[in-house]
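None of the figures in this text is laboratory data; all of them are computed from the coordinates on show. Keep in mind the model is a prediction, meaning the values are calculated, not measured. Cβ sites come from the backbone with ideal geometry, for glycine too, and all protein chains shown count toward neighbours.
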Amino acid sequence: MLEFALTEPYAPFTIAFLVMVGVGLIEAIGLGMGSLHLDADLDGHFDGGSVLSWLGFGTGMPVLIWLTSLLACFVLAGFGIQQVAEAVQGHALSWQWAVGAAVPSALVLNFFAANGLHRILPRDETTAIHPGQLVGSRVVVLESDARRGRPSRGRVVDQYGQAHYVMVEPDGDVPIPAGMSGVLVSRDGPIFVAVPDIDITLGPVA
C-alpha cells in the first residue's frame, strides 16, 4: 500500500521521516531520564527581525523538539507536493524538484508549528538558556573537591527550576569541598569558576 514511499521521487521524504522518528525517540528518552538540553548559540538578523525567530527557533524550545517539528513539516510538504503532482500530471516530480519545493514550504509551516508547540508544551520543557546565563547562579559541588586546575562536577538550578550539571573550579587556591555551595562568577569555555560559601556546608545532594 505504501510502496510508493520507497520510490525515488519520495525517497528524501521517507528518509526524513525515519530521521524524524529517530530524533523523536532521542528526545523522548532524554525527557524520560530527566532533562536533555542541546544549546545553540546562534543569532542572525534581517532588517525586519530575527532570522531564527522567523524560522521558529527563537521560541526557546529545545533543539531536538524544533528539529522534529521541522522534519515533520518537510515530510508533510514533500508528500503533499508529490501527491498533487501525481493528481495533476499523472506522475510525481523528480526528487530534486520536490525537495526544492518542499524546503521553503516546510520552513513556513514550521514557523507556525514551532510557535504553536511553544504555547502548548510545558514551560519547564521549553525553556533553554545559554550556559553563560548560569553565571551568578548558586552551584553545589557534587563529587570530589573542586580545585583550581582540577574542576569537579557541580549542580546548578536555573531560574526556570531546571538542573544543569557543569564542571566548576574555585576562583582562588581555596578548594570547594564536595557538598559545599558557591556562586558562579565567570565561565571559561566548558569550565565555570565559583566563589565558595565558606560558612555554608550542605548535606549530600541527590
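Here are a few things to note about the model shown:
- Exposure proxy shown here: for 8, 169, 86, the number of other Cβ atoms within 10 Å sets the order, fewest to most, as 8, 86, 169.
- Computed E for residue 19/residue 163 - FRET, C-beta separation, R0 30 angstrom, nearest 0.05: 0.55
- FRET efficiency estimate (nearest 0.05) - Cβ-Cβ, residue 112 to residue 86, R0 30 angstrom: 0.70
- Length-normalised contact order for the range 131-201 - Cα pairs under 8 Å, 6+ apart - percent: 32 percent
- Cα→Cβ-extended label distance, 7 Å offset, between residue 4 and residue 150, nm: 6.6 nm
- Part-to-part distance (alpha-carbon centres) for the range 165-195 and the range 66-85, which is given in Å: 46 Å
- Net charge of neighbours whose Cβ lies under 14 Å from the Cβ of residue 143, counting Lys and Arg as +1 and Asp and Glu as -1: +2
- Those residues of the range 67-97 whose amide nitrogen sits under 15 Å from the label point placed on residue 11, 7 Å along Cα→Cβ: 93-97
- Positive minus negative residues near residue 156 (Lys, Arg vs Asp, Glu; Cβ under 12 Å): +3
- Distance (nanometres) between label positions extended 7 Å along Cα→Cβ at residue 135 and residue 94: 5.2 nm
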